[in-house]
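**Q** Dropping a structure here in structure tokens format, bear with me for questions.
What follows is calculated from the coordinates using simple rules that are stated; it is not laboratory data. All of these numbers come straight from a predicted model, not from anything done at the bench. Cβ atoms come from the backbone with ideal geometry, glycine included; neighbour counts cover every protein chain shown.
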Amino acid sequence: MRHNSTTETVVIDETRNWLKNIVLRHNFCPFAHKPFKQETIHYLVSQSNKPETITESLLQALLELRDSNISTLETTLFITPNCFTEFPDYNQFLNVVDLLIDQLNLQGIIQVASFHPDYQFADLSADDVRNYTNRSLYPMFHLIREESIEYARATHPAVHTIPQTNMALLEKQGLTDASIS
């Protein structure tokens, strides 16, 4: 689903609904329930269509997450509805995100998870239903505290099996219930 010049409020509302009705309903990320309920997810929208501006905003988002208290801001969804609409461009920009994390000395503190409307795993065809585990309404970068990931690993008995479990669920159900559009 493509949205041009969609207002920030609409982007956030649609993203929250996607989280609730797709990610949480299908338990794609068992660790998303707590920050969603506690409202400690920061939804940050950059309306820019210029990668340079996105980079500047992303830098600020990383610093804000690093400097904030986890009880008020646990994770950030950095959403770019007007930039990186083509998946190859988005995928290439992930290198810039990794470079920013390195330059800010945030390795081991913050990592990124990637979501895009046309997300495609390297070993899958574009129409494979399993790609929907990382498909979203808009291009977005999920900035995650390593602290939250470590907690997830400690509290979830088989955290490493989540991606395979999600893919198996999508293969079984198809897109009827998991469609994001």
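**Q** Here is a list of conditions, (1) farther than 25 Å from GLU147 by Cβ; (2) out of contact with any Cys (no Cβ under 6 Å at 6 or more places or on another chain), and TYR43 meets all of them except one; can you say which number that is?
**A** (1) is the only condition that TYR43 fails.
**Q** Could you say whether any residue in segment 113-127 is touching a residue at least 60 places away in the same chain (Cβ under 8 Å), part of a loop (DSSP other than H, G, I, E, B), in contact with a Phe, Trp or Tyr (Cβ under 9 Å, 6 or more places away or on another chain) and not acidic (Asp, Glu)?
**A** Kept after step one, since they are touching a residue at least 60 places away in the same chain (Cβ under 8 Å), are these residues of segment 113-127: 117.
Narrowing the set further to residues that are part of a loop (DSSP other than H, G, I, E, B) leaves 117.
This time we only want the ones that are in contact with a Phe, Trp or Tyr (Cβ under 9 Å, 6 or more places away or on another chain), so: 117.
Filter again for not acidic (Asp, Glu), leaving 117.
Yes, segment 113-127 contains at least one residue that is touching a residue at least 60 places away in the same chain (Cβ under 8 Å), part of a loop (DSSP other than H, G, I, E, B), in contact with a Phe, Trp or Tyr (Cβ under 9 Å, 6 or more places away or on another chain) and not acidic (Asp, Glu).
**Q** Next question. Pairs needed: first member in segment 132-143, more than 12 Å from PHE87 (Cα to Cα); second member anywhere, of a type outside the set (A, V, I, L, M, F, W, C) and surrounded by 22 or more Cβ atoms within 10 Å (Cβ to Cβ); C-beta distance under 6 Å; at least 6 residues apart or different chains.
**A** So the pair list comes out as LEU143/THR76.
**Q** Restricting to segment 78-124, what's the tally of residues that are acidic (Asp, Glu) and surrounded by 14 or more Cβ atoms within 10 Å (Cβ to Cβ)? Spell out the reasoning first.
**A** So in segment 78-124, the residues acidic (Asp, Glu) come out as 86, 89, 98, 102, 118, 123.
So of that shortlist, the ones also surrounded by 14 or more Cβ atoms within 10 Å (Cβ to Cβ) come out as 118.
Matching residues across segment 78-124 total 1.
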